Amino acid sequence: MFVSSEVIREEEGPHGATHTIERRCTVDVDAPRLLKRIAGVDYLYFIQKNSLDRRHRTLHIEAYNETFSSRVIVQEHCSYTVHPENEEWTCFEQSASLDIKSFFGFESTAEKIAMKQYAASINKGKEIIEYYLKELADEGVTHVPRWAPPQAPISMPTCPIAPPAGHKENATLSDALPTSPDDKLDADYIKRYLGELTPLQESCLIRLRQLLQDTHKGKMPKEQHMLRFLRSRDFGVEKAHEALCHTLAWRRHNHTHLLPHAWQSPPLLHNYYSGGWHHHDNDGRPLYILRLGQMDTKGLLRALGEETLLRHVLSINEEGLRRCEENTNVFGKPISCWMCVVDLEGLSMRHLWRPGVRALLRFIELVEAHYPETLGRLLILRAPRVFPVLWTLVSPFIADNTRRKFLIYAGNDYQGAGGLQQYISPDIIPDFLGGQCTCDIPEGGLVPKCVYRMAEELETEEAPMCSIYKSASVHKGAPHEVHTHTHSHTNTSHTHTHTHSHTNTSHTHTHSHTNTSHTSAHSHALGCKDTYEYVMFMCT
């Protein structure tokens, strides 16, 4: 909680073009009283420097801690700039770092408190800005003229000057500056193919596209795909850009775009994989039905191998993307995800075979990473008593946004109010779920053991779908080394990374050459005057 502040230094540039103010801020941190007594402080002190540039319409806020500066280093930088595509919008960027060297043996607790305070300050800062915007509106201030430098008197020429050739009488700035259709998104295009977007969401989409144009070599993904990654990261542009670049590299490495055409599923899958596409739901989204309870997962894995099943799962997702585009054109509205119905009748302990569960978790992890926000809704029908065991194993690997789309029905509850008919037309409900529609999905059944194959035989036939990243578990305080070899034709480049952990600190340093990365977390104190300056900056 912000307590008070005092001005240490204040400077103003010529004609008021720049304004710099430095304050010493007092903050009351919501920490356990015992921890405060051990530390010997009731309040924390931060130094905050605000730099307002009216000429370029930028505001930069830098903050660092004064209290415990020898034990803890906290730094934060916030910037407000004009959006490059729409000057009526404001871009906000924030970065922070927390480096705890030692804190009376409570390093982990201090880190958690810092993270909690950081999250609280983000929400509180928005409330304060909205409060002062309302204050300005109540005072009748709805527009603040932009800053302009004072104009020197200009002596007018006595004779007229002829305009240059090709000059238009009422030419405007938009006539003089060329524009590119890629610099903005057409409103009709957004409504037709992307759906309703707020100005902030549209701004994030444009920024992500610009980042990809600067970093990505090759065919650019469609805006629909970019929007999926933005939604999965709560419209965090940097996180969405990192995840999308990872996916593009993964798709290029594994040639997943060729799966719908180049990969042919084995005949065994057509007979025993009890899943398939079946019309669409009430919102026009493609409908996929999976009779998991009737599927012999152990038999399919023993007969075909994990990689074959993975390719089949990925081909289903690729087909789902194609059907979404097709339904978008058919129904005349944006459709970016599909619906899935999972029938668990017949699910038993044999489905909890450890290699089968491990393969399922791997499939979920890859789909979550590379096909985000493609699942609109998932209905789980006829869940048996063994289902909670499977759900306990699987649910931690499913993103929170995805889990909220799950609806689970036990027994025949799906046939009542709020059940299957609320999402699917009765005319297309399959006969095995109590409807009248004939469904071409195989019934599954046990795979004959005579077609089982040895694990070594499966490994030699097909290369695994690789990830471009590798992970490892390291115990705290245990030094380890990571060697990465990148092969290109006959040349080999070696990258050596040494990582060491300190058992007496709450952070880990990772050294690569001379760079050091630290855990990021901190909240800066924003006083009332700072907020007023920010609101005035937003208005100008």
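The values are calculated or read from the model by the stated rules, or taken from the named source; none is laboratory data. Keep in mind that this is a model prediction, so the values were computed, not measured. Neighbour counts are summed over all protein chains in view; Cβ atoms, including those assigned to glycine, are modelled from backbone coordinates with ideal geometry. With ligands, DNA and RNA removed, areas are computed over all heavy atoms of the protein, side chains included. Shrake-Rupley method; radii C 1.70, N 1.55, O 1.52, S 1.80 Å.
Here are the numbers for the structure shown:
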item	result
Cα→Cβ-extended label distance, 7 Å offset, between ARG453 and SER97, nm	5.2 nm
Point-to-point label distance, LYS49-TRP391, nm (Cα→Cβ direction, 7 Å offset)	5.5 nm
Simple label model, 7 Å out from Cα along Cβ direction - HIS143 to ASN412, nm	6.8 nm
Fraction of accessible area attributable to carbon and sulfur, region 212-369 (%, probe 1.4 Å)	52 percent
Where region 239-323 is the region considered: accessible area per residue in Å², 1.4 Å probe	41 Å²
Amide hydrogen neighbours beyond the local backbone of TRP89, cut-off 5 Å, H modeled	HIS83
Of the GluC sites (Glu not before Pro) in region 186-290, those whose Cβ has at most 10 other Cβ within 10 Å and which sit in DSSP loop	GLU196
LYS116 accessible area, 1.4 Å probe, all protein chains in place, Å² to nearest 10	120 Å²
Gyration tensor verdict on region 332-419 (Cα atoms; rounded if a/c is under 1.5, prolate if a/b is larger than b/c, oblate otherwise)	oblate
For region 259-375: relative contact order, % (alpha-carbon pairs under 8 angstrom, 6 or more apart)	31 percent
Förster-model FRET efficiency, 41 Å R0, ARG354 and ASN401, C-beta, rounded to 0.05	0.90
